[in-house]
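Okay, so here's the structure we're looking at.
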């Protein structure tokens, strides 16, 4: 199975496997340097394409298109509770769409803020109604304790948010315009997903089975921000701790 780990994850895993043998370890910067040091040609192209975001050079910044600025005042992110902002408790998600060729197809992405656990949702179109149905199908599979709020950007697709709040019993917040860092986990994940769902393809052909497989690969990668645990491990622990608290309370 091809896991497609990043150079940083590979380096961290080697340190864990060989803590006392420096000859069996390598830094992630050395891996990157080796890849980008190759002269132009087919080999360098293949090596760069194997990286998460396939950037032709390091530190190439990605710009974000301007967003529409409609949003009810009471649902602006500035009013979102501090425990959500500080990632103190699980159950708070960031949601977005990644678009296919000519913006005619899309896949829904959901990232839980504390655990970085990710869910991919098949969408039957790019309308607000399609987004509502696609997200609802997957969010309903979560334990109720893990579906408390959802933070969107300001695109036109989330205009069915009142139905989402009612159907899923979930709070909805909207990020400020031109502020992708307010949904940083989601933005970062969307970039990494392009390794599996490249730009310019028809995303309508991606089945939910395939999307769930991609999500599994992402959720079983060790993450530095989680102390090199995986999102799946951290999410399982959060669910187990919640159930234990409920059992003790009853």
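The values are calculated or read from the model by the stated rules, or taken from the named source; none is laboratory data. As the structure is a prediction and not an experimental result, all values here were calculated from the model. With ideal geometry, Cβ positions are generated from the backbone for all residues, glycine too; neighbour counts draw on all protein chains shown.
The figures follow:
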{"quantity": "Single match in 233, 187 (criterion: within 19 Å of the chain's Cα centre (by Cα), surrounded by 13 or more Cβ atoms within 10 Å (Cβ to Cβ) and within 28 Å of residue 78 (Cα to Cα))", "calculated": "187"}
{"quantity": "Criterion: within 20 Å of residue 237 (Cα to Cα), in contact (Cβ under 8 Å) with a residue 12 or more places away in the chain, in a loop (DSSP other than H, G, I, E, B) and touching a helix residue (DSSP H, G or I) at 6+ places or on another chain (Cβ under 6 Å) - qualifying residue of 116, 87", "calculated": "116"}
{"quantity": "Yes/no for residue 77 being surrounded by 15 or more Cβ atoms within 10 Å (Cβ to Cβ) and at pLDDT below 75", "calculated": "no"}
{"quantity": "Criterion (free of Cβ contacts under 8 Å to residues at least 24 places away in the same chain, out of contact with any helix residue (DSSP H, G or I) (no Cβ under 7 Å at 6 or more places or on another chain), in a helix (DSSP H, G or I) and under 19 Å from residue 236 (Cβ atoms)) met by exactly one of 165, 216", "calculated": "216"}
{"quantity": "Yes/no for residue 158 being loosely packed, with under 14 Cβ neighbours inside 10 Å, closer than 30 Å to residue 242 by Cβ and modelled with pLDDT under 95", "calculated": "no"}
{"quantity": "The lone exception for residue 20 - which of (1) within 30 Å of residue 235 (Cα to Cα); (2) assigned to a loop (DSSP other than H, G, I, E, B); (3) at pLDDT 70 or above it fails", "calculated": "(1)"}
{"quantity": "The listed residue being touching a helix residue (DSSP H, G or I) at 6+ places or on another chain (Cβ under 6 Å) and within 17 Å of residue 120 (Cα to Cα), out of 231, 180, 158, 198", "calculated": "231"}
{"quantity": "Options 192, 211; residue that is modelled with pLDDT of 90 or more, assigned to a helix (DSSP H, G or I) and farther than 24 Å from residue 85 by Cβ", "calculated": "211"}
